[in-house]
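Peer 1: After the structure tokens below, expect a handful of questions from me.
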């Protein structure tokens, strides 16, 4: 991989300078597979949606760039991980849930069963009515009561 020239401007936006010296302000790193392969397949996208650079593996980047990319990706991909389902107000939809996440307690509202999507390796992605996506990384690692509640919706 050629040297990646990635900096921040005075407003904190990412600036990418390509091999020809063309500067792109406000680039956005995007993971191809944020859940199944978060450290591989990262694209640097221009503000108009064009792909400027494909990064096969984050580990191939210089350490300073890894840090900047990780910070940007973390802000962009805020996805709390559900650790426990405390209670569900109703098993009919819409349904209000109280959950414990890796970012604290949260109340979410599911509009339909379609808001719960199965992913590979026993993972689930749950979208609340505010558009926030919550991840259950491994259904089998949840406590018995949380699994029982989820079984009613799956």
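Peer 1: Looking at 38, 34, 29, 62, can you tell me which residue is at pLDDT 90 or above and not assigned by TED's automatic domain parsing to the domain that holds residue 126?
Peer 2: 29 is the lone residue from the list that is at pLDDT 90 or above and not assigned by TED's automatic domain parsing to the domain that holds residue 126.
Peer 1: Then there's this: Can you pull out the residues in the stretch 51-81 that are in contact (Cβ under 8 Å) with a residue 40 or more places away in the chain and within 13 Å of the chain's Cα centre (by Cα)?
Peer 2: If the condition is that a residue be in contact (Cβ under 8 Å) with a residue 40 or more places away in the chain and within 13 Å of the chain's Cα centre (by Cα), then 72, 73, 76, 77, 78, 79, 80, 81 are the ones that fit.
Peer 1: Within the stretch 19-32, restricting attention to residues that are in contact with a strand residue (DSSP E or B) (Cβ under 6 Å, 6 or more places away or on another chain) and without any contact (Cβ under 8 Å) to a residue 40 or more places away in the chain, which residue is surrounded by the most Cβ atoms within 10 Å (Cβ to Cβ)?
Peer 2: The residue in question is 27.
Peer 1: Mind listing whichever residues of the stretch 42-94 are part of a loop (DSSP other than H, G, I, E, B), within 19 Å of residue 18 (Cα to Cα) and touching a helix residue (DSSP H, G or I) at 6+ places or on another chain (Cβ under 8 Å)?
Peer 2: 61
Peer 1: If I ask for residues that are within 15 Å of residue 88 (Cα to Cα), assigned to a loop (DSSP other than H, G, I, E, B) and either within 15 Å of the chain's Cα centre (by Cα) or modelled with pLDDT of 95 or more (or both), which ones from the stretch 101-142 would you list?
Peer 2: Of everything in the stretch 101-142, just one residue is within 15 Å of residue 88 (Cα to Cα), assigned to a loop (DSSP other than H, G, I, E, B) and either within 15 Å of the chain's Cα centre (by Cα) or modelled with pLDDT of 95 or more (or both), namely 128.
Peer 1: Kindly indicate which of 111, 57, 144, 121 is within 30 Å of residue 25 (Cβ to Cβ) and either loosely packed, with under 14 Cβ neighbours inside 10 Å or not assigned by TED's automatic domain parsing to the domain that holds residue 23 (or both).
Peer 2: Of 111, 57, 144, 121, the one residue that is within 30 Å of residue 25 (Cβ to Cβ) and either loosely packed, with under 14 Cβ neighbours inside 10 Å or not assigned by TED's automatic domain parsing to the domain that holds residue 23 (or both) is 57.
Peer 1: Same structure again: Report yes if some residue within the stretch 132-141 is touching a residue at least 24 places away in the same chain (Cβ under 8 Å) and farther than 22 Å from residue 37 by Cβ; otherwise report no.
Peer 2: yes
Peer 1: Checking residue 68 against (1) modelled with pLDDT of 90 or more; (2) surrounded by 14 or more Cβ atoms within 10 Å (Cβ to Cβ), only one condition comes out false. Which one?
Peer 2: Condition (1) is where residue 68 drops out.
The values are calculated or read from the model by the stated rules, or taken from the named source; none is laboratory data. Here the structure is a predicted model, which means the values were calculated and not measured. Cβ atoms come from the backbone with ideal geometry, glycine included; neighbour counts cover every protein chain shown.
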